[in-house]
Amino acid sequence: MFRAPHEDPLAAKDTSHSPASHVAIIMDGNGRWAKGRGKPRLYGHKMGARRVREVVEACPDHGVRYLTLYAFSTENWKRAPSEVAGLMALFRQFIRSETAELVAQGVRVRFIGDRGPLNPKLRRMMAGLEEATACNGALNLTVALNYGARDELSRAALRLAQDVAAGRVSADAVGADSLRPYLDTADLPDPDLVIRTSGESRVSNFLLWQSAYSEFEFTPVYWPDFGRAELGRILARFGSRERRFGAVLS
Ligand code: FPP
């Protein structure tokens, strides 16, 4: 079948034995980690936040240029109000305490998800961190906060439909890649590798469109125990996988 060059996934990517340029992580297991130590769930989230710093520091050493972290899903509002409030306080604290270090390390931070329902103070802090790190490029850190892929896709579809209705986009031109520029991740490459910690093998509404050709790794390690060593092991395994993007390679 004929494909235009820009539509050929093989033309755009290294197909095997390449380092993972974009790693996305579902950070799971904070609650169980804390429970196993007789501690409140929030303690697990706090220890999890420390691991964010360690993994951010480790990524450039492995050639990872994009790191996307699932910090709070559109479904997480269903948790106890005290846990939700504690998580929101942790995000504010993280921004306050990590901004200088992220700037110094050359990390560019972006947030994806629907910011509308978030507290205005947190939204201002998120925008401030994005602005403070906008010129960096050693690592692109994307934090998914009040993110859900179905929510992202419905927001994107609405905007595309509005552009079609207004005549800015022709309905005949709508194809497999048409939603990409409307996604929260429009400026990012698709993830090469999606990791989920804590032994669960679910995608949980994370980057559903973008992970069409991603490799997946599910590790039993709880997020507060996940660090440089486990990341290195997973990336080494990824390096030996052959990625075919739907094609047959010789
Ligand atoms: C899932 O574990 C984890 C979360 C919903 C929160 C993730 C947040 C952090 C790691 C905190 C800091 C993040 C940043 C970016 C500063 P869970 O609570 O569902 O664990 P469980 O399945 O064992 O209950």
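The table below gives the values:
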| quantity | calculated |
| --- | --- |
| For the range 76-180, fraction of C-alpha pairs farther apart than 19 Å, in % | 56 percent |
| Leu208 long-range amide H proximity, modeled H, under 5 Å | Ala149 |
| The range 105-175, relative contact order in percent, only Cα pairs under 8 angstrom and at least six apart counted | 40 percent |
| Accessible area of the chain divided out per residue, in Å², using a probe of 1.4 angstrom | 51 Å² |
| Relative contact order of the chain, pairs being alpha-carbon contacts under 8 Å that are 6 or more residues apart, as % | 30 percent |
| Per-residue HN-Hα couplings for the range 86-97 [Karplus 6.51, -1.76, 1.60; θ = phi - 60°; Hz; x = Gly/Pro] | x, 5, 5, 5, 5, 5, 5, 5, 4, 5, 4, 7 |
| Distance histogram in 10 Å bins (all Cα pairs of the chain, percent per bin) | 7, 29, 36, 21, 7, 1 |
| Long-range HN-HN contacts of Phe111 with modeled amide H, under 5 Å | Val143 |
| FRET efficiency estimate (nearest 0.05) - Cβ-Cβ, Asp177 to Arg92, R0 41 angstrom | 0.65 |
| At most 16 other Cβ within 10 Å, DSSP loop - trypsin sites (Lys or Arg not before Pro), the range 68-108 | Arg79 |
| Per-residue ³J(HN,Hα) for the range 20-34, Karplus 6.51 cos²θ - 1.76 cosθ + 1.60, θ = phi - 60°, Hz, x for Gly and Pro | 7, 7, 10, 10, 10, 10, 8, 7, 10, x, 4, x, 5, 4, 5 |
| Using θ = phi - 60° and Karplus 6.51 cos²θ - 1.76 cosθ + 1.60, couplings along the range 217-230 (whole Hz; Gly, Pro as x) | 10, 10, 10, x, 5, 6, 3, x, 9, 7, x, 3, 5, 5 |
| Within the chain, helix-based [θ] at 222 nm, where runs of 4 or more DSSP H residues each add -39,500 (n - 2.57), nearest 500 | -12000 deg cm²/dmol |
| With Cα atoms, 0 to 90° folded angle of helix 41-58 axis to the chain main axis | 60 degrees |
| Cα gyration tensor shape of the range 150-240, rounded if a/c is under 1.5, else prolate or oblate by comparing a/b with b/c | prolate |
| GluC sites (Glu not before Pro) within the range 57-104: DSSP coil, no more than 13 neighbouring Cβ in 10 Å | Glu75 |
| Estimated FRET transfer efficiency when R0 is 25 angstrom, pair Ala157-Ala236 (beta carbons, to 0.05) | 0.05 |
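The values are calculated or read from the model by the stated rules, or taken from the named source; none is laboratory data. These numbers were taken from a predicted model, which means no experiment stands behind them. A quick note on method: Cβ atoms are made from the backbone with ideal geometry, for glycine too, and the neighbour counts reach across all protein chains shown. In case anyone asks, the SASA skips ligands and DNA or RNA and just uses the protein heavy atoms, side chains included. Shrake-Rupley method; radii C 1.70, N 1.55, O 1.52, S 1.80 Å.
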